[in-house]
Structure formats: C-alpha cells, structure tokens
Amino acid sequence: MSAIFAGFVLGFVAWFLVRYLAAGLYTVNQNERAVKTSFGRAERVGDATTLEDPAAANLSAEEKERYVYPQVRVIQPGGPYFKWPWEKVYKVSVATQTMNMAHDPEDPQANYNGTILEAVTKDQLNTGLKGQIRWRVSERNLYAYLFGIKYPIAHVMGYFVSVLRERIANFEAPPPPPTADNEPHSIAATAVTGISINDLRKNLRDINDHMDRECAVSAGRYGIVLDASLITEIGPPPDVESALAAINTAYNEVSSDISLAQAAADQKIVQSKRAVEIETLKAQAEVQPLIAMAEQLGDLKKNGSGALDAYIRNVRLKLYNEAKTVIMEASHE
C-alpha cells in the first residue's frame, strides 16, 4: 500500500514538474514583444503612465484625460524566460503590416469585399477610394493594445475611415499661386477647379499628408502606429463618369487654346521689345554725331569767337567745294 502511495506521489510530482515548470519556459521572437501578467494584472513600470511617454505627445488636452494607460514592463526578444503557473504571457508582433484601407476587420464582406471605400464629396457625389495603410503595434503603449481596447485594429480602422470621409466631404483645393500682372495663362491653371473629384485627384498628396497628421494620435489612443496612408485612386460614380470626362475634355481644350494664345502674345511682346530696342539704337546712332559736334563747338567757343568763325568758314568752304550749285542771297546795299 505504501509503495502504491509513494508511486502516486512521485507521479504527481513528475506531472507537476512537467506541467508547470518545464511548460513555464518560453521565448520571444525577434519581431515580437511580450507582456506578462500575474493573476491578470500586467507588470507595471512603477506609477508611470503613457502621458509621460512621447506616444502621447500628439494627444489633445481632452484626449489626455481619456486615454491614460499605465506603462507596462515589455519583455524583449530572447529567452528562454520563465513564468509561474499563475502568470500569463501575451505576445504581439511589432512588424509593420499593410492593409487595404477599405478592409473592415469586423465585416470582411463590407466595402465591396474590402476593395473600395465609399465617401461623399462636398458637391454630394458618391465616390470610391482605393489605397493602403501601413501600421504596426506601438511597443511604447502595449497596455492599450492588449488590455485597453477589445479589438484595437477595428478601432483604428474606424477612426481612420471617419477622418478620411470628413476630409473628403469638406475638402477644398488650395488657391493657385498668384502670377505677375494677372497673366492670362493663370486661367488655364485653374480651369478645372471647382469640381470636387478633380480637386481631390490633383491633391492626393495633400490628403495623404493630412491623414498622416490626423492619425498620429492612434499610438496614444489605441497602441497602434499608422506609419503611412496611401490613397492611390479616387473614382467617380459610373453615372457621372462620362459627364465628368466630357467636362474635363472641354476644360482641357480651353486650357490648350488659352496656352496657345498666351504663347502667341508672349512672342509678339518679345518682338515688339526687340523693335523698340533697334529703333532706340538707331536714334542714339543719329544723335551721337550731333552731340559730338556740339561738344567740339563748345570747345572752339572757349578758345575765342575768332576760332569759332574760322571753323564755320572752313565748313562752309568744304560745302561750297562739294556743291554743284550755290544760291546766295542778293545784297540790297
């Protein structure tokens, strides 16, 4: 009987060692970070919160009151590590991931099976958006990702879509840069403004930059960093696509005519400037001898009136020598 009891005890000890001690060893991969909890409570870094971390730098004052999370001790890649039976390890991948911006984590069938995101423009056109977003888990705010929100990526995608739709609904193209003297070709540059879809297509980079700035708070709110958003295509509804194409074609033709007219006008202006320069040079060439003669006469006058009279006599004799006929006024004496 004692042998059976001893065997039972040894078997229990062996099972305990295998079940709780050997199984308590774990490792963390290079692209992973881990957080350990004890009786359901994550290991914290003193009383520090995320408000003291750069992850919360982009939060507003109101958001800082709502999104306050404790800083937890992050287990870095390596191992083996050990945990007790009452402890649990949560591992997350911190690798950058790419997702279609139309993907709905809670309903994969939504948004045309996650391919096109619909949005309404300021002139009430229902347009389709295509693009991707890059995201990764914030190592500096793992508490929010693991314990603060039930489904963080769904929250982030919902926030991203709401910000994007608000931007599309209120977007207005920036005014064109001013041109000197209100040159006519400035009309061509603004020929297709006023049509929301055209404005959105021409300012995709500004929209992407706006989304990056607005979504910078996601790390502090949800523990997810949106590395970048890239909207690649904005398409009009099928029923207005042909009309929009016709409008764009007409505007392009107007822009082309304006550009040709401006080029012809610029050419005429250049030619006129050249003609003025040529005539100015001719006038200067004709005036220059007269100026030189006036200077010579002034110098002669300084030497005495006789020198000037002699100069006039010599010029007159030269003219008489070259003239074939001389008509002189008769004297009435």
Taking the condition exposed (fewer than 11 other Cβ atoms within 10 Å of the Cβ), at pLDDT below 70 and over 30 Å from T96 (Cβ atoms), does F16 pass? no
Inter-residue pairs, beta-carbon under 9 Å, first free of Cβ contacts under 8 Å to residues at least 24 places away in the same chain and in segment 92-113, second part of a strand (DSSP E or B), 6+ apart: N111/N100; N111/L117; N111/E118; Y112/E118; Y112/G128
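Looking at S196, is it over 17 Å from E118 (Cβ atoms), modelled with pLDDT under 70 and crowded, with 16+ Cβ neighbours inside 10 Å?
no
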How many residues does segment 274-300 contain that are open to solvent by 100 Å² or more (accessible area, probe 1.4 Å) and at pLDDT below 70? 0
With respect to Y145, is the statement that it is surrounded by 12 or more Cβ atoms within 10 Å (Cβ to Cβ) and in a helix (DSSP H, G or I) true? yes
For I207, only one of the following conditions fails: (1) open to solvent by 20 Å² or more (accessible area, probe 1.4 Å); (2) at pLDDT 65 or above. What is its number? (1)
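Conditions tested, residue by residue: (1) in contact with an Asp or Glu (Cβ under 8 Å, 6 or more places away or on another chain); (2) over 26 Å from V28 (Cα atoms).
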site: Y81; (1), (2): no, no
site: E87; (1), (2): no, no
site: K91; (1), (2): yes, no
site: T98; (1), (2): no, no
site: M101; (1), (2): no, yes
site: D107; (1), (2): no, yes
site: N111; (1), (2): yes, yes
Restricting to strands (runs of 3 or more DSSP E) lying wholly in segment 40-121: which have 2 or more residues that are open to solvent by 60 Å² or more (accessible area, probe 1.4 Å)? 44-49, 78-82, 87-93, 97-100, 117-120
On the basis of being part of a helix (DSSP H, G or I), open to solvent by 70 Å² or more (accessible area, probe 1.4 Å) and modelled with pLDDT under 85, does I187 make the cut? yes
R165 being of a type in the set (K, R), surrounded by 12 or more Cβ atoms within 10 Å (Cβ to Cβ) and either in a loop (DSSP other than H, G, I, E, B) or at pLDDT 80 or above (or both): yes
If you go through segment 210-236 one residue at a time, how many are open to solvent by 40 Å² or more (accessible area, probe 1.4 Å), within 14 Å of the chain's Cα centre (by Cα) and not β-branched (V, I, T)? 4
Which is in a helix (DSSP H, G or I), under 30 Å from I168 (Cα atoms) and modelled with pLDDT of 70 or more, of S229, S256? S256
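The values are calculated or read from the model by the stated rules, or taken from the named source; none is laboratory data. Source: prediction; values computed, not measured. Please note: Cβ atoms are built from the backbone with ideal geometry, for glycine as well, and neighbour counts cover all protein chains shown. For accessibility, only protein heavy atoms count, side chains too; no ligands or nucleic acids. Shrake-Rupley method; radii C 1.70, N 1.55, O 1.52, S 1.80 Å.
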